[in-house]
Amino acid sequence: FEPLIRVIDAIVLATPVILAIIFQNDLRRTLLTIGKRTESPETPADDSAVEEVFRALSELASRQIGALIVVIRQQPIEHLIQIGTDIDAKVTSELLNSIFLPYSPIHDGAVILHQSKITRAGCLLPLSHNPDISKSFGTRHRAALGLSELSDALVLVVSEETGKISAVHDSKITYDIDMADLKKLLKKAMAHHG
């Protein structure tokens with residue numbers, strides 16, 4: 001009888017951990033939703049940083065150089081990204097362009113932007129396992145969608161195949177985004193939260 005009680009105790013103690021593992025994505029989504037509801041006021045974006053990112057995206061797209069740029073909003077993403085080179089530099093289109101040049105050692109990864117600064121480059125993002133994502137989308141789009149499923153970040157993708165720019169946020173991809181809409185999204189995403 002005693003061993004049976006010990007087994008039942010072990011099961012009772014382990015149940016919350018097992019449930020947390022099984023439902024980790026649902027729990028994360030719920031916590032993110034709660035986090036989004038308590039948004040703090042934002043101050044306007046640094047217009048020069050927005051212009052620099054916009055110019056870099058336009059230039060990369062016109063030359064069909066693949067790129068993946070993450071704009072951190074309110075939720076931290078450090079726990080979601082792997083590897084990467086720490087950079088603490090002001091956002092400039094020249095720096096963004098040089099990072100994504102094919103012979104750059106970190107051109108394949110994502111660049112992380114936070115409050116008008118480039119904080120990291122060459123980062124690996126979690127890939128989406130969404131079965132509905134188009135087969136025509138490559139790893140960059142899958143990575144952008146994967147991060148947007150787990151955070152409130154805005155992720156911008158330049159396709160090296162087509163030169164089209166996609167904006168990914170809230171688990172949705174806007175492929176070949178209109179440039180005016182892109183600028184609006186950038187301004188909103190790069191606004192500083194108090």
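No lab work stands behind these numbers, since they all come straight from the coordinates. Computed from a predicted model, the values in this text were never measured in an experiment. We place every Cβ from the backbone using ideal geometry, glycine too, and count neighbours over all the protein chains shown.
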- Query: Considering amide H positions built from the backbone, and no H for Pro or chain starts, which residues 5 or more places from Arg120, or on another chain, come under 5 Å of its amide H?
  - Reply: Ile87, Ile112
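Apply the a/c threshold of 1.5 to the C-alpha gyration tensor of the range 59-164 and tell me whether it is rounded, prolate or oblate. Walk me through the intermediate numbers first.
Details: a/c = 1.75, a/b = 1.08, b/c = 1.62.
Oblate.
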- Per-peptide average of other Cβ atoms within 10 Å, ordering 4-14, 94-104 highest first: 94-104, 4-14
- Near Lys172, which aspartates and glutamates are there with a Cα under 19 Å away, not counting those fewer than 8 places off in the same chain? Asp26, Asp132, Glu149, Asp152, Asp181
- Give me the net charge of Ile177's neighbourhood, meaning all other residues with Cβ under 11 Å from the Cβ of Ile177; Lys, Arg count +1, Asp, Glu -1. 0
- Note on the structure: A correct Karplus calculation of ³J(HN,Hα) over the range 151-156, with 6.51 cos²θ - 1.76 cosθ + 1.60, θ = phi - 60°, whole Hz and x for Gly and Pro, returns 8, 9, 5, 9, 10, 10
- Starting at the first residue of the range 124-132, write each ³J(HN,Hα) from the Karplus equation 6.51 cos²θ - 1.76 cosθ + 1.60 with θ = phi - 60°, in whole Hz, x for Gly and Pro. 9, 9, x, 7, 6, 10, 5, x, 7
- Query: Once phi is turned into ³J(HN,Hα) by the Karplus curve 6.51 cos²θ - 1.76 cosθ + 1.60 with θ = phi - 60°, what whole-Hz value does each residue of the range 55-67 show in order, with x for glycine and proline?
  - Reply: 5, 4, 4, 4, 5, 4, 5, 5, 9, 6, 9, x, 8
